Every structure is written in structure tokens, then in C-alpha cells.
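What follows is one structure encoded as C-alpha cells, with my remarks underneath.
The values are calculated or read from the model by the stated rules, or taken from the named source; none is laboratory data. Keep in mind the model is a prediction, meaning the values are calculated, not measured. Cβ coordinates were reconstructed from backbone atoms using ideal geometry, including for glycine residues, and neighbour counts include every protein chain displayed.
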Amino acid sequence: MSREPTGLALYDRTARDAAAAVIARYSTSFGLACRMLGPRVRPHVRNVYALVRVADEIVDGPAAAAGLSVEAERSVLDDLEAETAAAIERGFSANLVVHAFAGTARECGIGADLTAPFFASMRTDLTRSAHDAASHVAYVYGSAEVVGLMCLQVFVNAGAQHPSAADPRLVDGARRLGAAFQDVNFLRDEDHDAGGLGRDYLGLDGTPATRDAVLDRIDADLAAAAAVIPDLPRDCRRAVTAAHDLFAALSVRLRRDPAPGRRVRVPDPVKAAIAARALAGRPPRRRPADAR
């Protein structure tokens, strides 16, 4: 007798496979960290990433390249949010990525308190080209911190009979790690965001002092996150440590290479060393300056 899944089980697996394909195509670094997660949580984190990536692609170029107007992009984004909310409620979607995410949301306790701010930040990309300090804080919360909180819900609740709230220290660490990731990406992509998308997320005035202030904030957020990573479930620590240390290494390189127009990256041998260190169970770097 065949043991291959059928019916809803087959559909669920196909949806998870679709989410895994998204992360494989779009992010080598995040994909590497995700492979270091334990099997309890790995598919769920992929499901979160896939939905986030699809929403991001609606506002970051592919939809416009397909000929959609800003109004049409907003409509597509609104439809995706509505379908996500409905799928979480009913447990099914004809959109494979949404279906995969909804299964994770239902199991791990991800609700509109996290998805609504995320879609609000994505919507901001269609209406706002420059950010001040207040709008930056709001944007980063919705675009990055809540994604960290979604992953934390997975870490804490995957496989549990009933989802529960995470420890407040872990909540703060997840938010600050997400904020650090986002600000690093803003610095790395500053030239592309300005020239390709017409966006200014950081409001830098072109002086080293303002850029250093952003890097100081990134390093403080990375240090705060490093302090609580050892308190995560064991099957998550290595992956989160690897991601943390990769961005700490990027922070170091951004300080060394402030020239605009050149995307700073971590060389593959250094990435491999970071992954090996995390796999060995070493704690996250407490000071980004220690990352090389």
C-alpha cells in the first residue's frame, strides 16, 4: 500500500514545498540559517519567509515590471492581506504560499496583531518615499520586528498543543534582532533604494556622524539580541546565532567601507566559518567588532 500523502495532507506538503522554493530562490544567507533549524521549526520559518517575500515583491519592483500601477499594486497587496486573514480563520487557501503560512499561523499563534502591522509597512512603500525618525520606527516595526516575532512564535509553539505567549525578554530580543537586520539591509541597499526605488529609509544627511549613529544603533540591537539567544529552544539557537553573527560581520564591514554604490557582503569563506562556529554550539558574538 502506498504511503504517499493524499487529499489535504498532500496539499499541505505541496504548500510547504512551495514556501521552501521561495526561500531557496531568494535568499542564500537566510536559507543557510534556516537549514540549521531543527525539523520541528524549519518548515514553519520557511512558511513565514515565503509570505513576507511575496508581499515584499509586490511593492519592490516585479509587480510594476509586470505593468501594474501603484493603485493596482495596492489592490493586489490588499487582496493578499485579506486572503491571509481568511486562510488563518478557515484553514485553507487556494494560494499555496498563503496556505502554508496559515497552517503555521494557526499552529503557532500568529494573528492579526502581527500580520496587520506587516502589511501596513508594505503599504507604506507605495505611498511614502522618505522617512523621518518616527516613520522609520513604525516602518521597521511592521516590516522587520514583527517578522522576528512571528519566528519567535514558531520557536516557542511549533508542535505544542496550544500556543502560548513568549517570555518578554525573548520578545524584546526578537524585535531588536529584526530591527538590526532591517537597518543593516537599509545601509547595504542605500544606493539601490534611492536610485532604483526612489526611497530613503534612514534619512541620512550624508555625513559620517549620522551613518555611524545608525551603526551604533545596529550594534546595540545586536548585542541585546545576543544576550537572549541562549534562552531560545535548543533546536533554534544555532540558526539564530548564525544569522546574528552574519549581520554582525556585515556591520563591521559597513563601518570599514562607507562608500555608497557598492553593496557590502560577507565573503563565502567567512560565511562558512560563521556557520561552522554556530553549528559547534558556540554562543553568539556579544560585540559586533569581534565578528570578522
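Remarks
- Condition check for residue 24: at pLDDT 95 or above, among the small types (Gly, Ala, Ser) and part of a helix (DSSP H, G or I): no
- Verdict on residue 153 being closer than 24 Å to residue 41 by Cβ, of a type outside the set (A, V, I, L, M) and modelled with pLDDT under 95: no
- Residues considered: 65, 19, 86. Of these, the only one that is out of contact with any helix residue (DSSP H, G or I) (no Cβ under 6 Å at 6 or more places or on another chain) and within 25 Å of residue 156 (Cα to Cα) is 86.
- Scanning segment 114-139 for residues that are touching a Gly at 6+ places or on another chain (Cβ under 6 Å), touching a residue at least 40 places away in the same chain (Cβ under 8 Å) and among the small types (Gly, Ala, Ser) turns up just one, 129.
Condition check ((1) more than 23 Å from residue 106 (Cα to Cα); (2) modelled with pLDDT under 95) across all residues:
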| residue | (1), (2) |
| --- | --- |
| 31 | yes, yes |
| 43 | no, no |
| 51 | no, no |
| 74 | yes, no |
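- Here residue 210 clears all of (1) buried (at least 21 other Cβ atoms within 10 Å of the Cβ); (2) polar (S, T, N, Q); (3) over 17 Å from the mean Cα position of the chain (by Cα) except the condition numbered (1).
- Residues within segment 70-123 that are under 21 Å from residue 139 (Cβ atoms) and in contact with an Asp or Glu (Cβ under 6 Å, 6 or more places away or on another chain), tallied: 1
- Lone qualifier among 237, 262, 217, 256 - being of a type in the set (Lys, Arg), more than 23 Å from residue 139 (Cα to Cα) and at pLDDT 90 or above: 237
- Taken over segment 118-134, the criterion of being surrounded by 19 or more Cβ atoms within 10 Å (Cβ to Cβ) and part of a helix (DSSP H, G or I) is satisfied by 118, 119, 121, 122, 123.
- Segment 157-173 residues that are part of a loop (DSSP other than H, G, I, E, B), paired with ones that are of a type in the set (D, E, K, R) (beta carbon under 7 Å, 6 or more apart): 158/40; 158/107; 159/40
- Qualifying residue in segment 187-197 (condition: surrounded by fewer than 16 Cβ atoms within 10 Å (Cβ to Cβ), more than 17 Å from residue 60 (Cα to Cα) and touching a residue at least 12 places away in the same chain (Cβ under 8 Å)): no
- A single entry from 111, 103, 61, 142 fulfils the requirement of being out of contact with any Gly (no Cβ under 6 Å at 6 or more places or on another chain) and on the phi > 0 side of the Ramachandran plot: 61.
- Near pairs, Cβ below 7 angstrom, 6+ apart or cross-chain, from segment 62-80 (surrounded by 12 or more Cβ atoms within 10 Å (Cβ to Cβ)) to any residue that is assigned to a helix (DSSP H, G or I) and aromatic (Phe, Trp, Tyr): 77/119
- Selection count where residues are assigned to a helix (DSSP H, G or I) and in contact (Cβ under 8 Å) with a residue 24 or more places away in the chain, scope segment 36-52: 10
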